[in-house]
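The values are calculated or read from the model by the stated rules, or taken from the named source; none is laboratory data. All figures in this text were calculated on a predicted structure; none of them were measured in a lab. Positions of Cβ are generated from backbone atoms using ideal geometry, with glycine treated the same way; all protein chains shown enter the neighbour counts. The area values use the complete protein model at the heavy-atom level, side chains included, leaving out ligands, DNA and RNA. Shrake-Rupley method; radii C 1.70, N 1.55, O 1.52, S 1.80 Å.
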Amino acid sequence: MIEYENLKKTNKFFLNKFKQEYKKFSSRGQYVLSEKVLNFEKNFSSFLNASFCSGVGNGLDALILSLESLKLPKDSEVIVPANTYYATILAVLRCGLKPVLVEPDYYTCNIDYKEIVKKITKKTRVILVVHLYGKVCEMEPIIEICKEYKLYLVEDCAQAHGAKYRNKFAGTFGDFGCFSFYPTKNLGCLGDGGAVISKKKIDYRSIKMLRNYGSIERYKNEIVGFNSRLDEFQAAFLNIKLKYLNKINAHKRNLASIYNKKLNNRFVKPVTKKDYFDVFYIYNVRSHKRDKLQKFLRERKIITDIHYPLPPYKQNAIKALFENQKFPISDEIHKTTLSLPISYMNTEKEVEKVSDIANKFI
Ligand SMILES: Cc1ncc(COP(=O)(O)O)c(C=O)c1O
């Protein structure tokens, strides 16, 4: 059986290293916003060459706190890619803002910057890009649009730990870079976790307040906040795993290059270009017979996944908001995409086997 992900196997090496650290951490008796979180914030911001990092409860909260800190009028519009994971749009709605969906590029699956301008209105305040599957969006034209229309730029980096565009890390282009450390992510922890990267000190301060009841000084509440803190246990583990993020990403990039070479061209494969350092949180191929291909592989003991079977604008919870709107490219991606095994625990041999078997699918 070639598994899609097995976190026990993926984390075995890191858990062995964590055992010692865990003993120290648990006997110290400081479990919330203490040394481990502070260390992780320093380590992660220096890894990304970023100014400030605040650990928060999860990726959804990283997005919510970033949008909240902008203090936008309630009917402000936020541009988001139509084919993102549901959480990105949920964050916009949770802040009382209006998500305005933009089609992705057919090949990269990332937001198509040429479509953004068509959706800008007087109420647009933010472009919220998502570096989907571990590939950074085409940032230069997007930054230009933000400057021209005076818009905030927020990056959803939940799938892009260590990904780069022109040598600059995902999360460092915009006003905020929002990360999730959900266990399956390239930098995943042992439960929920997240972080916000901010460019300006004032924004960093406001995220630190928002995550902790609106307070920086104990028992003084300056603004109406949340409880969304990265906990010490997760930070202790992340401090260890972060040291291996380059290795994890190199492994996944190597597996992706094997797929790219071996899989035949009947599949639409991920685009790779010189300016982009992709970290392949997901390796997806596209086929009009996707469901049959998935079944074919499963019958041959190869487990795959779909990111995502149903687009956010068709989810029962929110579909009424997007009635009569059409997203043909996004629909096509959702109908045809299939994610092949590319975990840190998958081997070169497994990926070669998956490619050979997939190539036999007619
Ligand atoms: C693109 C994207 N945004 C946001 C999130 C939310 O992260 P979390 O599950 O940590 O809240 C995810 C999580 O999978 C994601 O993939």
Quiz item: Before we move on, is Ile207 within 16 Å of the ligand (Cβ to nearest atom) and modelled with pLDDT of 95 or more?
Solution: yes
Quiz item: Say we look at region 130-145 and pick out the residues that are within 16 Å of the ligand (Cβ to nearest atom) and among the β-branched types (Val, Ile, Thr); which of these is farthest from Glu68 (Cα to Cα)?
Solution: Val136
Quiz item: Hey, among the residues in region 175-194 that are more than 10 Å from the chain's Cα centre (by Cα) and among the charged types (D, E, K, R), which one's nearest to the ligand (Cβ to nearest atom)?
Solution: Asp192
Quiz prompt | Conditions (1) open to solvent by 10 Å² or more (accessible area, probe 1.4 Å); (2) farther than 25 Å from Phe18 by Cβ; (3) touching a Ser or Thr at 6+ places or on another chain (Cβ under 9 Å); (4) of a type outside the set (D, E, K, R); number of the one not met by Asn265 | solution = (3)
Quiz item: Can we say Ile127 is within 16 Å of the ligand (Cβ to nearest atom), aliphatic (A, V, I, L, M) and buried (at least 22 other Cβ atoms within 10 Å of the Cβ)?
Solution: yes
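Inside region 284-322, can you point out the residues that are aromatic (Phe, Trp, Tyr) and open to solvent by 100 Å² or more (accessible area, probe 1.4 Å)? Lay out the reasoning, then the answer.
Start the filter on region 284-322 by keeping residues that are aromatic (Phe, Trp, Tyr), which leaves 296, 308, 313, 322.
Once the filter is applied, which keeps residues that are aromatic (Phe, Trp, Tyr) and open to solvent by 100 Å² or more (accessible area, probe 1.4 Å), region 284-322 yields nothing.
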Quiz prompt | Enumerated strands (runs of 3 or more DSSP E) restricted to region 94-208, each holding at least 1 residues that are hydroxyl-bearing (Ser, Thr, Tyr) | solution = 124-130, 152-156, 176-180, 194-198
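Kindly indicate whether Glu115 is more than 25 Å from Asn284 (Cα to Cα), open to solvent by 10 Å² or more (accessible area, probe 1.4 Å) and without any contact (Cβ under 8 Å) to a residue 40 or more places away in the chain. Reasoning before the result, please.
On the way: more than 25 Å from Asn284 (Cα to Cα): no; open to solvent by 10 Å² or more (accessible area, probe 1.4 Å): yes; without any contact (Cβ under 8 Å) to a residue 40 or more places away in the chain: yes.
Criteria not met by Glu115.
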Quiz item: From the list Glu148, Glu155, Glu222, Glu217, which one is free of Cβ contacts under 8 Å to residues at least 60 places away in the same chain, within 16 Å of the ligand (Cβ to nearest atom) and not hydrophobic (A, V, I, L, M, F, W, C)?
Solution: Glu155
Self-check item: In region 213-262, the residues that are in contact with a Phe, Trp or Tyr (Cβ under 6 Å, 6 or more places away or on another chain), open to solvent by less than 40 Å² (accessible area, probe 1.4 Å) and outside any helix (DSSP H, G or I)
Solution: Gly225
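Filter region 323-354 for residues that are part of a loop (DSSP other than H, G, I, E, B), of a type in the set (A, V, I, L, M) and surrounded by 20 or more Cβ atoms within 10 Å (Cβ to Cβ) and give the result.
Of everything in region 323-354, just one residue is part of a loop (DSSP other than H, G, I, E, B), of a type in the set (A, V, I, L, M) and surrounded by 20 or more Cβ atoms within 10 Å (Cβ to Cβ), namely Ile342.
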Self-check item: For Thr108: the one exception among (1) away from the ligand (no atom under 12 Å from the Cβ); (2) farther than 24 Å from Leu340 by Cα
Solution: (2)
Quiz prompt | Elements of type helices (runs of 4 or more DSSP H) in region 1-88, at least 2 residues being more than 30 Å from Glu115 (Cα to Cα) and either more than 16 Å from the ligand (Cβ to nearest atom) or open to solvent by 70 Å² or more (accessible area, probe 1.4 Å) (or both) | solution = 7-28, 35-47
Quiz item: Taking the condition touching a Pro at 6+ places or on another chain (Cβ under 6 Å) and modelled with pLDDT of 95 or more, does Leu7 pass?
Solution: yes
Exercise. From Pro312, Pro328, grab the single residue that is in contact with an Asp or Glu (Cβ under 9 Å, 6 or more places away or on another chain) and of a type outside the set (A, V, I, L, M, F, W, C).
Key: Pro328
Quiz item: Name the residues in region 162-174 that are open to solvent by 10 Å² or more (accessible area, probe 1.4 Å) and either within 12 Å of the ligand (Cβ to nearest atom) or within 16 Å of Phe52 (Cα to Cα) (or both), would you?
Solution: Lys168, Phe169, Thr172, Phe173
